[in-house]
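Shown next, in structure tokens, is the structure this report addresses.
The values are calculated or read from the model by the stated rules, or taken from the named source; none is laboratory data. Quantities reported herein were computed from a predicted structural model and do not represent experimental measurements. For neighbour counting, all protein chains shown are included, and Cβ atoms are generated from backbone atoms with ideal geometry for every residue, glycine included.
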Amino acid sequence: MTEIDRADVGLTPEQQALRQAVREFARSEIAPYVDECERAGRYPIELIQKIGQLGYLGAIVPPEYEGAGLDYVSYGIVCEEIARADWVCASAISVQNSLVCSSLVRFGSEEQKHRYLLPLARGEWLSSACLTEPSGGSDLASIETTARRDGEAYVLNGEKVYISHANHASLYFVLASVDRSLRARGICAFLVERDTPGLTTRSMAMHTLRRGDTAQVIFEDVRVPRANLLAGEGEGFKVVGAALDVGRFSVASRAVGQAQACVDAALDYARQRRQFGQELGRFQMVQAMLADMVTSVEAARLLCRRVGQLKDAGVARASQEASMAKLFATDVCMKVAEDAVQIHGGYGLEADNPVGRYFQEAKVLQIGEGSNQLQRALIAEYALGYRGQRR
Ligand SMILES: Cc1cc2nc3c(=O)[nH]c(=O)nc-3n(C[C@H](O)[C@H](O)[C@H](O)COP(=O)(O)OP(=O)(O)OC[C@H]3O[C@@H](n4cnc5c(N)ncnc54)[C@H](O)[C@@H]3O)c2cc1C
């Protein structure tokens, strides 16, 4: 059996064919351009447009809304294979599908679906999810962005930070509070169009992901029609909770893809680099690192597959399993990236070597969509019975 056959055991023929097609697309159409974009600090918009043309920006949107209608195992495969080539392209797929489209599919009115889901699924629009604020991202119940009722509209005021794809988005999924004293019960989820007066974006300078379009999104008396409220008033936490289940699954799948890229690079280098008259791969201490890398990536992949299978079996919320996959896979990605740099020695930190970049990008996966400290707390609370799985 080849390596690909082993990874595909348990997948349907369609899922196997999808993996091959996405892997080939990512290898030939995305990977060659990533370093160039990073060096220039240029957002890879043309690559993301190609992904849109293939239907992956609407991967989990049902066909009646012009999406690809993929099952969740397949969606995980798309996230994994694209992330093996590029963090930013995989993030665009993940934010759009997991946070924005899944919320529209689950909670959107027919009017909202026709107005927003169709252009998102066709890949004509990009979207951003605006949760994190300067005062914090972990404690979402205390967000400070407010939504004041004014006739048939809400008026939004506040600021969001570290928002991915924000300068290129046509639509923003935004959390705001109608009454901060109610904490979680005061939070609403809104769909806000880019051209709405009072909405501005401002790029943020980052140490990593210079190609990534990370920005502030500022709301100054932004009037949002009542029709753009997702679910009911005060139901934003329910909406974002369901979205984050899917989000954590896609982040975990992306972490597996990126970790696999680290393993690939480390294996190649260990075979080719010679010290003390032999290949690095002949040294037991290097072999120990490689063995742990290969094993942990495989285990992470299986944990992700399990979340996809649960969702495909009709489990509406798989919160605990999604948290476990996110925690494990992103920690694996970080460790594997660290070891890949170690195996490359000084060359691992040279500007033209992607493993140094993977190392920094892995850290973002441990922080975003609920930091790994929060995932540990959630998993323990589910295990202890302090927190029940929502339906
Ligand atoms: C490149 C990048 C892209 C991002 N994209 C987006 C995006 O598109 N949309 C968006 O909304 N956000 C985005 N984020 C923000 C990200 O989701 C937040 O950074 C994250 O949720 C953590 O919030 P924080 O940075 O405010 O840290 P804080 O919440 O201040 O946490 C700081 C530290 O304290 C720990 N901590 C906090 N609370 C607890 C607790 N109860 N128990 C134990 N430890 C705790 C955290 O784990 C963390 O280590 C992005 C961030 C980055 C870096």
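Of the numbered criteria (1) over 30 Å from Lys311 (Cα atoms); (2) out of contact with any helix residue (DSSP H, G or I) (no Cβ under 8 Å at 6 or more places or on another chain), the one Asp179 fails is (2). Take Gly247 and decide whether it is over 27 Å from Pro44 (Cβ atoms), within 19 Å of the chain's Cα centre (by Cα), part of a helix (DSSP H, G or I) and within 16 Å of the ligand (Cβ to nearest atom). Judged against the criteria, Gly247 is not a match. Here Arg254 passes the criteria (1) assigned to a helix (DSSP H, G or I); (2) touching a strand residue (DSSP E or B) at 6+ places or on another chain (Cβ under 9 Å); (3) among the basic types (Lys, Arg) except the one numbered (2). When Ala351 is tested against (1) over 28 Å from Gln284 (Cα atoms); (2) of a type outside the set (Ser, Thr, Tyr); (3) modelled with pLDDT of 95 or more, exactly one condition is not met: (3). Checking the stated criteria, Phe219 turns out to be aromatic (Phe, Trp, Tyr) and either assigned to a strand (DSSP E or B) or within 12 Å of the ligand (Cβ to nearest atom) (or both). Among the residues of the stretch 1-24, write down those that are among the β-branched types (Val, Ile, Thr), assigned to a helix (DSSP H, G or I) and more than 29 Å from His165 (Cβ to Cβ). Result: Ile4, single match. Is it true that some residue in the stretch 352-370 is more than 9 Å from the ligand (Cβ to nearest atom), exposed (fewer than 14 other Cβ atoms within 10 Å of the Cβ) and in contact (Cβ under 8 Å) with a residue 12 or more places away in the chain? The answer is yes, given that some residue of the stretch 352-370 is more than 9 Å from the ligand (Cβ to nearest atom), exposed (fewer than 14 other Cβ atoms within 10 Å of the Cβ) and in contact (Cβ under 8 Å) with a residue 12 or more places away in the chain. For the criterion of being at pLDDT below 95, of a type outside the set (Ser, Thr, Tyr) and surrounded by fewer than 14 Cβ atoms within 10 Å (Cβ to Cβ), Gly346 fails. Considering every residue within the stretch 319-326, establish whether at least one is more than 24 Å from Thr208 (Cβ to Cβ), touching a residue at least 60 places away in the same chain (Cβ under 8 Å), exposed (fewer than 14 other Cβ atoms within 10 Å of the Cβ) and under 21 Å from the mean Cα position of the chain (by Cα). Scanning the stretch 319-326 turns up no residue that is more than 24 Å from Thr208 (Cβ to Cβ), touching a residue at least 60 places away in the same chain (Cβ under 8 Å), exposed (fewer than 14 other Cβ atoms within 10 Å of the Cβ) and under 21 Å from the mean Cα position of the chain (by Cα). Just one residue in the set Ser135, Ser74, Ser164, Ser102 is in contact with a helix residue (DSSP H, G or I) (Cβ under 6 Å, 6 or more places away or on another chain) and outside the structural domain of Glu14 (by TED's automatic domain parsing); that residue is Ser164. So in the stretch 137-160, with the set limited to residues that are under 21 Å from the mean Cα position of the chain (by Cα) and crowded, with 18+ Cβ neighbours inside 10 Å, which one is nearest to Gly234 (Cα to Cα)? This residue is Leu140.
Taking the criterion of being near the ligand (Cβ under 7 Å from one of its atoms) and exposed (fewer than 14 other Cβ atoms within 10 Å of the Cβ), the only residue of the stretch 371-391 that qualifies is Gln373.
Total residues in the stretch 177-209 satisfying the condition of being surrounded by fewer than 17 Cβ atoms within 10 Å (Cβ to Cβ), within 15 Å of the ligand (Cβ to nearest atom) and either without any contact (Cβ under 8 Å) to a residue 40 or more places away in the chain or in the same structural domain as Gly356 (by TED's automatic domain parsing) (or both): the figure is 4.
Those residues that are surrounded by fewer than 24 Cβ atoms within 10 Å (Cβ to Cβ), free of Cβ contacts under 8 Å to residues at least 60 places away in the same chain and either of a type outside the set (A, V, I, L, M) or within 16 Å of the ligand (Cβ to nearest atom) (or both), I need them from the stretch 97-136; list them, please. Once the filter is applied, which keeps residues that are surrounded by fewer than 24 Cβ atoms within 10 Å (Cβ to Cβ), free of Cβ contacts under 8 Å to residues at least 60 places away in the same chain and either of a type outside the set (A, V, I, L, M) or within 16 Å of the ligand (Cβ to nearest atom) (or both), the stretch 97-136 yields Glu110, Lys113, His114, Arg115, Pro119, Trp125, Thr132, Glu133, Pro134, Ser135, Gly136.
Take the stretch 137-166 and flag every residue that is more than 12 Å from the ligand (Cβ to nearest atom) and farther than 19 Å from Ile187 by Cβ. Those that are more than 12 Å from the ligand (Cβ to nearest atom) and farther than 19 Å from Ile187 by Cβ: Gly151, Glu152. Of the strands (runs of 3 or more DSSP E) contained entirely in the stretch 141-215, those carrying at least 3 residues that are within 30 Å of Arg39 (Cα to Cα) and out of contact with any Ser or Thr (no Cβ under 7 Å at 6 or more places or on another chain) fall at 199-203.
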